[in-house]
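Asks: Got a structure for you, written out below as C-alpha cells; questions coming shortly.
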C-alpha cells in the first residue's frame with residue numbers, strides 16, 4: 001500500500017476537503033470524461049446526496065460543484081476569478097469549461113439536493129450528468145468524496161480500497177505492526193522508510209521542495225489567521241478569536257503573568273487561526289482534512305516556536321512521519337467525518353501530529369506508534385455535528401484541543417519505552433467499528449448533537 005505524502009497533504013480551499021474540494025475535483029474529472037467522449041454535449045446537471053446534500057450549503061458544496069463544472073480546481077483556485085465566474089454563470093445560466101464550449105447549466109434548477117437515502121457507496125455521493133440538445137442524459141457518472149479531498153468513481157470504489165498500481169515501494173507496510181517490523185529489520189525510522197517510499201516514486205528534490213511548500217502554505221495560513229479579525233461568513237455570526245488571543249499572549253510576554261498552562265493557549269490560537277481561515281474559504285492544507293487542518297500546523301508551530309533546540313530542518317521528518325500514520329488510518333478505517341464522525345478527522349489529525357512531534361523529539365518507531373495510538377484512542381467516539389452545517393462550531397476550537405492532545409500524547413509516549421497495551425492497529429480498527437455503529441445523525445449531517453441543540457440554528 002502506498003499513499004503519497006502529497007495525497008495526505010494537499011493544498012486546497014476551505015471550508016471542507018470532502019464537501020468543497022472533493023466535489024470540485026469530481027466536477028473536474030467529469031469534464032475530462034466529456035472531453036474524451038465522442039458525443040456532443042449541450043448541458044450539465046448535478047445531484048448531491050447524503051451528507052453533501054444535508055450540509056451542502058454550509059460547506060459551500062453547491063458553489064464548489066458549479067465552479068468545478070466551470071473548470072476551477074482547488075490547487076489553482078483564485079477567489080476573485082471565482083466570484084466573477086459565479087456572477088456570469090448565474091446570469092447566463094451556462095458554463096464554458098475549456099475545450100467544451102458553452103454548456104447550459106442553471107444552478108437553481110440543474111443542481112439538485114437529494115435528501116433521500118445515501119447512495120450505496122459512501123455518505124458523500126454525487127451524480128454528474130451531461131445532456132444532449134434535447135435535454136436527455138447521455139453521459140452520467142457517480143462520484144464519492146471519501147474524505148481529505150480524495151474522490152473515487154462508483155467503479156473505482158467497487159474495485160476496492162487498494163487501487164495503487166504503481167511500482168512496488170521498498171517498505172509497503174499496510175499496518176502499524178508491519179511498519180514496526182520493517183523498521184526493526186531495516187534499522188530505520190518511520191520517516192526514513194516513508195522517505196524511501198516517496199523517492200522510489202519520484203525524486204529527493206521533488207520531495208524536498210514539495211514538503212517545503214506544504215509547510216510554507218500551512219505556516220502562511222497560521223500567520224494570516226493571527227492578524228485577521230471580524231465575523232466569519234455563514235450566518236452564525238461567529239467572531240474570529242485567534243487574533244485577540246494571539247495579541248493578548250504577545251502582550252503578556254515578559255510580564256511574569258504566564259502560568260505554565262498558557263502554552264495550551266499558544267497551541268490553540270495557532271490551530272484556531274488555521275480553521276478560521278478555512279471557515280472563511282481561505283487556502284489551507286488538508287491534514288488530513290480541511291475540518292482538521294489546524295492540528296498538524298499548530299503542533300509544528302508549537303515545536304518550532306516553543307521547544308528548545310527545535311530546527312526547521314526537521315519539519316520534513318515531522319510531515320513524513322505524520323503522513324505514514326495518516327495513510328494507515330485512511331487505508332484501514334477512514335478520515336471522513338461523514339463516514340465515521342470527527343474521530344476520523346480531528347482524531348486522525350491528532351494521531352498524525354503526535355507521531356510527527358514524537359519523531360522530531362527523538363522518539364523510536366515504537367514510541368512514535370504509541371504516541372499516535374494515545375492521541376487517536378482519546379478521540380474515539382467523537383461525533384461530527386457542525387452547527388448549521390458550517391465548519392465553525394465545534395470545529396474551530398476542536399482543532400485547538402486536538403493539538404493539545406497531540407502534544408500530550410507525544411510527551412507521554414516519550415516518557416515510556418514504546419511498550420503499551422493497546423496497539424495502534426487495534427485503535428484504528430476500533431475507530432472504524434465505532435464509525436460503522438455511529439448514528440447517521442452524528443456523521444456530518446447536522447441532524448443531531450450540537451447542530452440541533454443550539455437555539456435558532
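Asks: Taking only C-alpha pairs under 8 Å that are 6+ residues apart, what is the relative contact order of the chain in percent?
Replies: After rounding, I find 18 percent.
Asks: Next question. Extension gain residue 231-residue 78, at 0.36 nm per residue separation less the Cα-Cα distance, in nm?
Replies: Working it through step by step, the gained length comes to 52.9 nm.
Asks: Provide, as a two-decimal number, the C-alpha radius of gyration of segment 157-275 over 2.2 N^0.38 Å, N being how many residues it has.
Replies: Relative to the rule-of-thumb radius for its length, segment 157-275 sits at 1.58.
Asks: Further question on the same structure: With a point put 7 Å past each Cα toward its Cβ, work out how far residue 181 is from residue 305 in nm, to one decimal.
Replies: Going from the residue 181 label point to the residue 305 one covers 4.3 nm.
Asks: On to the next question. For segment 405-457, what are Rg and Dmax over the alpha carbons, in angstrom?
Replies: Just the Cα atoms of segment 405-457 yield Rg and Dmax of 17.0, 51 Å.
Asks: Right, next: What does the C-alpha gyration tensor say about the overall shape of segment 227-375? Classify as rounded when a/c is under 1.5, otherwise prolate if a/b is larger than b/c, or oblate.
Replies: On the way: a/c = 2.22, a/b = 1.16, b/c = 1.91.
It is oblate, given that a/c is not under 1.5 and a/b is not larger than b/c.
Asks: Suppose each label sits 7 Å from its Cα in the direction of the beta carbon; what would the residue 247-residue 441 distance come out to in nanometres?
Replies: So the label points at residue 247 and residue 441 sit 4.1 nm apart.
Asks: For segment 5-158, just the Cα set please: Rg and Dmax, both in angstrom.
Replies: Spelled out, the Cα radius of gyration and Dmax of segment 5-158 are 14.3, 45 Å.
Asks: Sorted by mean Cβ packing within 10 Å, highest first, what order do the peptides 167-174, 70-77 take?
Replies: Packing proxy ranking, top to bottom: 70-77, 167-174.
Asks: Can you sort 41, 150, 30 by how many other beta carbons sit within 10 Å, fewest first?
Replies: 41, 150, 30
Asks: To continue, here is another question. Expressed as a whole number of Å, what is the distance separating the alpha-carbon centroids of segment 366-413 and segment 83-116?
Replies: Centre-to-centre (Cα) distance: 38 Å.
Asks: Determine, from the Cβ-Cβ distance of residue 98 and residue 201 and an R0 of 35 Å, the FRET efficiency 1/(1 + (r/R0)^6), rounded to the nearest 0.05.
Replies: Working: r = 29 Å, r/R0 = 0.83.
It comes to 0.75.
Asks: Just subtract the alpha-carbon distance of residue 88 and residue 108 from 0.36 nm times their residue separation and send over the number in nm, one decimal.
Replies: 5.8 nm
Asks: Where the centre of each part is set by its Cα atoms, how far does segment 190-208 sit from segment 118-168, in angstrom?
Replies: Here the answer is 30 Å between Cα centres.
Asks: Give me the distance in nm between label points sitting 7 Å out from Cα along the Cα-to-Cβ direction at residue 137 and residue 36, one decimal.
Replies: Spacing of the two 7 Å Cα→Cβ label points: 2.1 nm.
Asks: While we're here: What 222 nm value per residue comes from the helices of the chain, counting each DSSP H run with n ≥ 4 as -39,500 (n - 2.57) and dividing by all residues, nearest 500 deg cm²/dmol?
Replies: Taken over the chain, the calculation gives -15500 deg cm²/dmol.
Asks: Further question on the same structure: Give me the distance between the Cα centres of segment 226-303 and segment 1-72, rounded to whole Å.
Replies: If we compute the Cα centre of each part, the gap is 28 Å.
Asks: In whole Å, what are the Cα extents of segment 68-116 along the three principal axes, biggest one first?
Replies: Extents along the principal axes, in whole Å: 33, 22, 20.
Asks: Working from the pairwise distances between different alpha carbons, so that the mean of 1/r is found and then inverted, what is the chain's Kirkwood radius in Å?
Replies: 22.2 Å
Read-outs: derived from the displayed coordinates by stated rules, not from any lab. Values in this document were obtained by computation on a predicted structure and should not be read as measured data. Glycine gets a Cβ as well: all are built from the backbone with ideal geometry, and neighbour counts include every protein chain shown.
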